[in-house]
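S.K.: Before anything else, here's the structure in question.
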Amino acid sequence: MQDLPALLTPDFGLLFWMLLAFTVVFVILKKWGFPVILKAVEDRKQFIDESLKNAREANEKLANIQAECETLLKQAHDQQAQILKDASDTRSKMIQQAKDEAILEGKKMIEDARNAIHTERENALRSIRSQVATLSVQIAEKILQQQLQNPSQQEQLIDQILQDIKE
């Protein structure tokens, strides 16, 4: 055992000095080193805990935002459907109103045409009656002129007319 190096088989003096150096280093580390290391570890732990907490809050906010987005999207779809329905209803109403107006306008035009036809018919009948009356008077005048050339026939006709008027 004599050939082994001194570190592997330390004697009592080496062990004492090693133990003394270890104790001094340990005391220095305990006084100034370990608190700094423990504080750094604790700070790191708090940072990790806060980061996890912030990540959870961010995930919750993201979930809330996604839910709000879905709600808003659903509302937008509902509004779009309502707008399309309203537009369709408005279009249908406008078409129906245009049809009704066209029908009323057509009826009015037909009535105006009927009135114009009736007026024209009445005017034509009046004109025909007037012409017939004029022609009748002219024919009667010519007939009377030929028949009543003698005075006795004229007197007889006048008497007959007066009798017809009295009755």
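S.K.: Given a 1.4 angstrom probe, what's the average accessible area per residue across the chain, in square angstrom?
M.R.: For the chain, the solvent-accessible area averages 93 Å² per residue.
S.K.: Can you give the extra length, in nm with one decimal, that the chain gains between Leu38 and Leu19 once fully stretched, where that is 0.36 nm per residue apart less the Cα-Cα distance?
M.R.: Using 0.36 nm per residue and subtracting the Cα-Cα distance, I get 4.4 nm.
S.K.: For mean projected area of the Cα convex hull in nm², the choices are [x] 9.0; [y] 31.5; [z] 10.9; which was calculated from the structure?
M.R.: Answer by label: [y].
S.K.: Roughly what angle does helix 12-28 make with the longest principal axis of the chain, taking Cα atoms, 0 to 90 degrees, to the nearest 10?
M.R.: 30
S.K.: Would you calculate a helix-derived [θ] at 222 nm for the chain, using -39,500 (n - 2.57) for each DSSP H run of n ≥ 4 and dividing by the full residue count, to the nearest 500?
M.R.: About -33000 deg cm²/dmol.
S.K.: For the Cα atoms of the chain, what angle does the longest principal axis make with the long axis of helix 34-147, in degrees from 0 to 90, nearest 10?
M.R.: The helix 34-147 is inclined about 0 degrees to the chain.
S.K.: Lysines near Lys93 by alpha-carbon distance under 26 Å, same-chain residues fewer than 8 away left out - which ones?
M.R.: Within reach: Lys85, Lys107, Lys108.
S.K.: State the extension gain, in nm to one decimal, for the chain segment bounded by Gln160 and Cys69, taking 0.36 nm per residue of separation less the distance between their alpha-carbons.
M.R.: Gain in length upon complete extension: 21.7 nm.
S.K.: Identify all lysines with a Cα-Cα distance to Lys30 below 27 Å; exclude those on the same chain that are fewer than 8 residues away in sequence.
M.R.: Filter leaves Lys39, Lys45.
S.K.: Nearest 0.05, what FRET efficiency do Ile28 and Asn54 give at R0 = 35 Å with Cβ-Cβ as r?
M.R.: Computed FRET efficiency for Ile28 and Asn54: 0.40.
S.K.: Carbon and sulfur together cover what percent of the accessible area of the chain at a 1.4 Å probe radius?
M.R.: 63
The values are calculated or read from the model by the stated rules, or taken from the named source; none is laboratory data. Just so it is clear, the model here is predicted, and its values are computed rather than measured. As a convention, Cβ positions derive from the backbone with ideal geometry for all residues, glycine included, and neighbour counts pool all protein chains shown. To get the accessible areas, we keep the full protein, side chains included, count just its heavy atoms, and leave off ligands, DNA and RNA. Shrake-Rupley method; radii C 1.70, N 1.55, O 1.52, S 1.80 Å.
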